[in-house]
Amino acid sequence: MTVTNTTDTKKDSGVYPPSPQFAATANTDAAIYEKAWSDRLAFWAEQADRLQWDKPYGQVLDWDTEEFVANWFVDGKLNVAVNCVDRHVAAGNGDRVAIHWEGEPGDSRSITYAQLLADVSRAANYFTELGLSAGDRVAIYMPMVPEAIVTMLACARLGLMHSVVFAGFSSAALRARIDDASAKLVVTTDGQYRRGQAAPLKGAVDEALGGETPNETVDHVLVVRRCGIDVDWTDGRDLWWDETVVAASPEHAPAAFDSEQPLFVLYTSGTTGKPKGIVHTSGGYLTQTAYTHHYVFDHKPGKDVYWCTADIGWVTGHSYIVYGPLANGATQVVYEGTPNSPNEHRHFEIIEKYGVSIYYTAPTLVRTFMKWGRAIPDAHDLSSIRLLGSVGEPINPEAWRWFREVLGRGEVPIVDTWWQTETGAIMIAPLPGVTAAKPGAAMTPLPGISANIVDDEANPVPRGGAEASGYLVLDQPWPSMLRGIWGDMERYRETYWSRYADRGWYFAGDGARYDADGDLWVLGRVDDVMNVSGHRISTAEVESALVGHTAVAEAAVVGAADETTGQGIVAFVILKSGASGGDDVVAELKAEVAREISPIAKPREVKIVPELPKTRSGKIMRRLLRDIAEGRELGDTSTLVDPKVFDAIKG
Ligand code: WT7
């Protein structure tokens, strides 16, 4: 097994039991594990009962072990948006702030649940006027503005599926996603603020929809005015949000949808060049996002101020900015910009300003804070923080300890949360107030979740005793599991279920190990998927962008360990004969990848090489390229056609 992440998890990092004070008021205690195990489905039913159902469900789970598609909370009906908004207003909490929104240039808005209800209703009314109906797809290509969240909830309210495309993605990436989902509406903004500058965004939508073969599925582009910059306009197709949605009625009667009504599709990288549209549905997804947000973050509605620093372009934003927190009536901070805009104090100022008590972020940002130095956080009153969370990649023990020491006064719990776009919600994490956490370990599957570590032959890796690693599998269905890959159920079965098909286990694509106490450590991807700053990028996608350049004959890409970003992308490129190497072409190739995919996929390094190491069957040996990229002694080269290739590459 090859594990691509080199986080040092072997070191003894100590154990951090919860403080008695935290445990005394925690949302749960150790008994929850036994309760869940004694009757898993009854436990999930109890969690589903946190939601408001318009029609009660019958069976808790109907699991199709041939097609690997689950039906959770069978025949139940609910409206996801009602659960996230209306019911809090109905319960008398309409004046509670749902979102403290902080704009990049320093403007801010606080939106109550009552205001959110009016905004979502207006959007739902207008989307209906546009002729959209349940099942239609809506692409959302927006920065972190409140209207993005309003649009997602309006889709949910109408049974439309949203497909959020990260606003840092290129027009080509946007086009591919719009086409794959046959979206009818695109919602965007005129521009977005990036480090104090207004950068155009709507132009990328125009570009995506135009081109040699113009898109034919999109009827309208709805544009939120964010920066007040000029945009090109296509009459009849383009519409201003503030002339349409804002003028619609703030009252909307919601319909109830089946528990399995598709809620959204979200594209994520796989091992091939084509991103996968991961499909999530309603009842089970909302049950598990709400459940995990409540217990893993020990969330107390009306008291906590919660902040998840993700972008809604990723699943973390879907599950832990939009659906989980809002289902639980949370008050949260949503920030539009980057952590160093206008300077490195920004996050800490925001924590201080709103009294943030729960702060959920990615290891790469913690390591960036470490680089900036503790004098920056130390200049702020961070005493409101009572829980810290981490997601996106394994957190190295050093960053874990710094996080707790500097942001958490050396006393608050840290929850390291393992999950994926596909799992929809957190699967493996410590429970604050219960678990004695270890820096770098995701620790324990949550109550109701069953995970295992197995080898190629499906033998379980022993728990405790000898330390051994293997593949992480989920051996029981869970409510927020993906229901498929949009338009490609064959790829769905192949990617996730074929490896252990006869057992019915979900293959996560991660390596993991148990330590001597039987606690679980996630080691990183075992496939050709890289993890750069918590973003999932496939080697094949970057390779195909590189090969698209006229000067390139062949390219191979690896993720090499990187101190800040976890992994950095290193590309090995063979140029076509006649093409000239040198700095120019390297810069051009980096720019090409940024243009084709996104700046987040831009290689850290491009090495122009005369040859690539291949096995006799013609497969590129990425393991060896990774050795070179990380400056290591070369591993086993015996299966290579021509071991001398390396002298040429290294030279
Ligand atoms: C992959 C999923 C889950 C939302 C953000 C990423 C890695 C994620 C952890 C963690 C170790 C982690 C895994 C996983 N990962 N969280 N706490 N410890 N690894 O979602 O883009 O679908 O990526 O991120 O490798 O498979 P994603």
Check: Roughly how much of Ile597 is accessible, in Å² to the nearest 10, using a 1.4 Å probe?
Finding: 20
Margin query: Using protein chains only and a probe of 1.4 angstrom, how many square angstrom of Thr421 are accessible, to the nearest 10?
Written below: 20
Check: So, counting K/R as plus one and D/E as minus one, what does the shell of residues with Cβ under 10 Å around Asp488 add up to?
Finding: +1
Next item on the list: Kindly provide the helix-only [θ] at 222 nm of the chain, computed as the sum of -39,500 (n - 2.57) over DSSP H runs of four or more divided by all residues, to the nearest 500 deg cm²/dmol?
Entry: -7000 deg cm²/dmol
Next item on the list: Round to a whole angstrom and tell me the spacing of the C-alpha centers of the stretch 39-106 and the stretch 569-613.
Entry: 46
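Can you send over the carbon and sulfur percentage of the accessible area for the chain, probe radius 1.4 Å, protein chains only? Let's see the in-between values first.
Numbers: 11410 of 23700 Å².
The C+S portion of the solvent-accessible surface of the chain is 48 percent.
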Notebook entry, point to check: Which ³J(HN,Hα) values in Hz, rounded to whole numbers, follow from the phi angles of the stretch 86-95 under the Karplus curve 6.51 cos²θ - 1.76 cosθ + 1.60, where θ = phi - 60° and Gly and Pro get x?
Noted result: 3, 5, 6, 5, 4, 7, x, 9, x, 7
Next item on the list: Once you have a ≥ b ≥ c as the square roots of the Cα gyration tensor eigenvalues for the stretch 419-485, tell me rounded if a/c is under 1.5, and otherwise prolate or oblate according to whether a/b is larger than b/c.
Entry: oblate
Next item on the list: Run the quick spin-label model on Ala26 and Trp240: label points 7 Å from Cα toward the beta carbon, then report their separation in nm to one decimal.
Entry: 5.3
Check: Karplus couplings for the stretch 586-600 from phi (6.51 cos²θ - 1.76 cosθ + 1.60, θ = phi - 60°), rounded to Hz, Gly and Pro as x?
Finding: 4, 4, 5, 5, 4, 5, 4, 5, 4, 6, 6, 10, 4, x, 5
Margin query: Can you tally the net charge around His88? Count Lys and Arg as +1, Asp and Glu as -1, for every other residue whose Cβ sits under 11 Å from the Cβ of His88.
Written below: 0
Next item on the list: Could you tell me which trypsin sites (Lys or Arg not before Pro) in the stretch 169-277 are loop residues by DSSP with no more than 11 other beta carbons within 10 angstrom of their beta carbon?
Entry: Arg195
Note to self: Given a 1.4 angstrom probe, what's the average accessible area per residue across the chain, in square angstrom?
What the structure shows: 36
Check: Once amide H atoms are built 1.01 Å from N in the peptide plane, which residues 5 or more positions from Ala508, or in another chain, come under 5 Å H to H?
Finding: Leu472, Leu474
Next item on the list: For Lys55, go through the lysines and keep the ones whose alpha-carbon is under 16 Å away, minus same-chain ones fewer than eight residues off.
Entry: Lys77
Check: To the nearest 10 square angstrom, what accessible area does His294 show with a 1.4 Å probe?
Finding: 40
Checklist line | Rounded to 5, the percent of DSSP beta bridges in the chain classed as antiparallel | finding: 60
Item checked: Hz values of 3J(HN,Hα) by residue in the stretch 220-234 - Karplus curve (6.51, -1.76, 1.60), Gly and Pro given as x -> 9, 10, 9, 10, 8, 7, 10, 9, x, 9, 5, 9, 6, 9, 9
Check: Which shape class, rounded, prolate or oblate, goes with the stretch 9-131 when its Cα gyration tensor gives a ≥ b ≥ c as root eigenvalues, a/c under 1.5 marks rounded, and past that a/b bigger than b/c marks prolate?
Finding: oblate
Checklist line | Cross-link partners of Lys590 among lysines (Cα-Cα below 21 Å; sequence separation of 8 or more within a chain) | finding: Lys274, Lys576, Lys602, Lys607, Lys650
Notebook entry, point to check: Counting Lys and Arg as +1 and Asp and Glu as -1, each charge on the Cβ, what is the dipole of the chain about the Cα centre in debye, to the nearest 20?
Noted result: 820
Note to self: On a 1.4 Å probe surface of the protein chains, which of Phe297, Phe169 comes out largest in accessible area, and what is the full order?
What the structure shows: Phe169, Phe297
Next item on the list: Compute the Cα gyration tensor for the stretch 209-321, then decide on rounded, prolate or oblate, letting a ≥ b ≥ c be the square roots of its eigenvalues: rounded whenever a/c is under 1.5, prolate when a/b is larger than b/c in the other cases, and oblate in all that remain.
Entry: prolate
Notebook entry, point to check: Considering only DSSP states other than H, G, I, E and B, which GluC sites (Glu not before Pro) in the stretch 33-115 qualify as loop sites with at most 13 other Cβ atoms within 10 Å?
Noted result: Glu66, Glu67
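The values are calculated or read from the model by the stated rules, or taken from the named source; none is laboratory data. Fair warning: this is a prediction, and the values are worked out from it, not measured in the lab. Cβ: placed from backbone, ideal geometry, glycine included. Neighbour counts: every protein chain shown. These accessible areas exclude ligands, DNA and RNA; they are computed on the full protein's heavy atoms, side chains included. Shrake-Rupley method; radii C 1.70, N 1.55, O 1.52, S 1.80 Å.
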